[in-house]
Amino acid sequence: MISFVNLTAQREKYRFELEKAEREVLDSGCYIGGPQVQALEKELSEYLGGKIHTITCASGTDALTIALMAMDLRPGDEVIVPDFTFIAPAECVALLGGTPQFADIDQETLQIAPESVKELIGPHTKGIIAVNLFGQCAPFKDLREIATEHKLWIIEDSAQAFGARTNQMACTFGDIAITSFYPSKPLGCYGDGGALFTENEEFAQKIRIIANHGSAGRYRHEIIGMNSRLDALQAAVLRVKLRHLDEELAVRRQNAAKYDAYFTEYNSTAAASEKIVPQKIETGCKCTYAQYTVLAENRESFIEKLKAAEIPYCIHYPAPLQEQPCFNIPVTLCGMITTEEWSANRTTGAKWASEHAISLPVCAFTNVDEIIEKLKAHL
Ligand SMILES: Cc1ncc(COP(=O)(O)O)c(C=O)c1O
């Protein structure tokens with residue numbers, strides 16, 4: 001049976017290094033903070049070019065919450081987030097009493113659309129959370145111009161994109177950037193974990209204080225903070241995996257290129273109603289392929305074929321965020337709404353993507369040749 005992300009094969013390959021690192025932590029008596037966490041933070045900063053401060057924490061969701069707290073988000077403040085992504089960016093804004101404003105996405109790249117961001121800016125807008133969706137970099141050049149013009153901050157959600165790059169590395173575009181070390185992420189640990197990155201010394205200090213109960217010194221609490229820390233065992237695991245990240249990303253990209261070639265061939269003879277188009281990756285972007293996502297004209301029929309071929313798949317994401325019941329938009333009271341009901345001034349790109357996007361296995365331990373053979377036999 002093919003797995004969507006083959007973490008057991010990865011563990012098998014690095015078993016010797018991982019077990020040595022894990023044993024050292026377990027024998028050290030130091031399980032929270034300490035040398036492993038410090039060394040990981042230094043190595044992550046070095047990976048990003050050296051100028052960046054790295055502060056690890058307990059998850060990508062915590063990292064987003066801490067970043068928003070560092071930006072002093074207040075109840076009533078508005079933050080622009082993409083409407084097609086994982087819930088966390090919008091959830092964290094709402095959790096802190098802010099209001100997420102949902103921007104549309106580009107239907108081909110699936111990234112936040114700068115034109116839509118512009119339309120949402122109003123007197124209460126404080127910032128933008130730009131997500132590097134599926135491991136491709138968001139259009140930061142345009143976003144930065146908008147942010148500068150309107151005096152907004154940018155939080156870069158790179159939960160799926162640590163290791164991606166365009167003219168610069170992902171995690172260095174935002175005023176604060178975050179990532180997630182959830183096990184299935186391109187750089188994942190064996191539990192929950194996350195990190196924040198910033199070039200700004202003042203933000204870095206504030207982030208450390210917020211993540212440590214609002215405390216800069218022992219038992220003195222300057223502000224209300226939270227308890228969010230990466231434990232030493234996860235740090236040790238991540239240090240091993242970081243050493244292999246670039247070689248794994250290279251294999252992910254090779255796997256994606258094989259799928260791209262296959263779908264080009266498939267589309268050359270497929271009926272328009274059965275076309276399957278890979279997410280467009282902008283020229284010059286080195287994507288992490290957190291997952292390999294295609295847009296299937298007829299997703300239901302594609303799913304039936306994947307099931308018959310025993311190829312695992314995931315739907316990232318089945319609805320635009322503003323359609324989620326928690327955001328309480330009146331029209332959703334009767335359940336999910338159809339494209340026709342989705343009025344023209346709403347996020348039509350996000351709605352379309354939620355109805356057509358589907359992701360295939362792509363990690364460095366996936367046998368994509370085998371999957372393509374199966375696709376050829378069933379499509
Ligand atoms: C885009 C995005 N942001 C934030 C998160 C949250 O990360 P975590 O699961 O580590 O809290 C995720 C996790 O899937 C994500 O995909």
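The values are calculated or read from the model by the stated rules, or taken from the named source; none is laboratory data. Model, not experiment: these values are computed from the prediction. Quick reminder, even Gly has a Cβ in these numbers, built from the backbone with ideal geometry, and neighbours come from all protein chains shown.
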> List, please: which pairs have Cβ atoms under 8 Å, are six or more places apart or on different chains, and start with a residue in segment 62-78 that is assigned by TED's automatic domain parsing to the domain that holds Ala204 and end with one that is within 16 Å of the ligand (Cβ to nearest atom) and among the acidic types (Asp, Glu)?
Replying inline: Leu64/Asp157
> Within segment 214-226, can one find any residue that is touching a residue at least 60 places away in the same chain (Cβ under 8 Å), part of a loop (DSSP other than H, G, I, E, B) and in the same structural domain as Cys30 (by TED's automatic domain parsing)?
Replying inline: yes
> In segment 215-239, which residues are buried (at least 17 other Cβ atoms within 10 Å of the Cβ) and more than 22 Å from Cys30 (Cα to Cα)?
Replying inline: Gly225
> Got a sec? Which of Leu196, Leu230 is under 17 Å from Ile155 (Cα atoms), within 16 Å of the ligand (Cβ to nearest atom) and touching a residue at least 40 places away in the same chain (Cβ under 8 Å)?
Replying inline: Leu196
> Just one of Thr293, Thr264, Thr283 is closer than 19 Å to Gln107 by Cα, assigned to a strand (DSSP E or B) and in the same structural domain as Trp352 (by TED's automatic domain parsing); which is it?
Replying inline: Thr293
>> Please go through segment 192-211 and give me each residue that is assigned to a loop (DSSP other than H, G, I, E, B) and polar (S, T, N, Q), ordered by number.
In response: Asn200
> Does His150 satisfy the criteria of being surrounded by fewer than 18 Cβ atoms within 10 Å (Cβ to Cβ) and in contact with a strand residue (DSSP E or B) (Cβ under 6 Å, 6 or more places away or on another chain)?
Replying inline: no
> Tally time: how many residues in segment 302-329 are at pLDDT 95 or above, surrounded by 14 or more Cβ atoms within 10 Å (Cβ to Cβ) and either β-branched (Val, Ile, Thr) or more than 16 Å from the ligand (Cβ to nearest atom) (or both)?
Replying inline: 9
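Each row is one residue, and each column tells you yes or no for (1) assigned to a loop (DSSP other than H, G, I, E, B); (2) within 16 Å of the ligand (Cβ to nearest atom); (3) farther than 19 Å from Thr85 by Cβ.
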residue	(1), (2), (3)
Ile129	no, yes, no
Glu145	no, no, yes
Glu149	no, no, yes
Glu156	no, yes, no
Ile178	no, yes, no
Pro183	yes, yes, yes
Tyr190	yes, yes, yes
>> Could you check segment 268-278 and list, in sequence order, the residues that are in a helix (DSSP H, G or I) and surrounded by 15 or more Cβ atoms within 10 Å (Cβ to Cβ)?
In response: Glu274
> In the set Ala256, Ala290, Ala270, Ala261, which member is closer than 20 Å to Gly135 by Cα and more than 18 Å from the chain's Cα centre (by Cα)?
Replying inline: Ala261
> Mind checking which residues of segment 210-253 are β-branched (Val, Ile, Thr) and in contact with a Gly (Cβ under 6 Å, 6 or more places away or on another chain)?
Replying inline: Ile210, Ile223, Ile224
> Considering only residues of segment 158-175 that are more than 16 Å from the ligand (Cβ to nearest atom) and in a loop (DSSP other than H, G, I, E, B), which is surrounded by the fewest Cβ atoms within 10 Å (Cβ to Cβ)?
Replying inline: Asn167
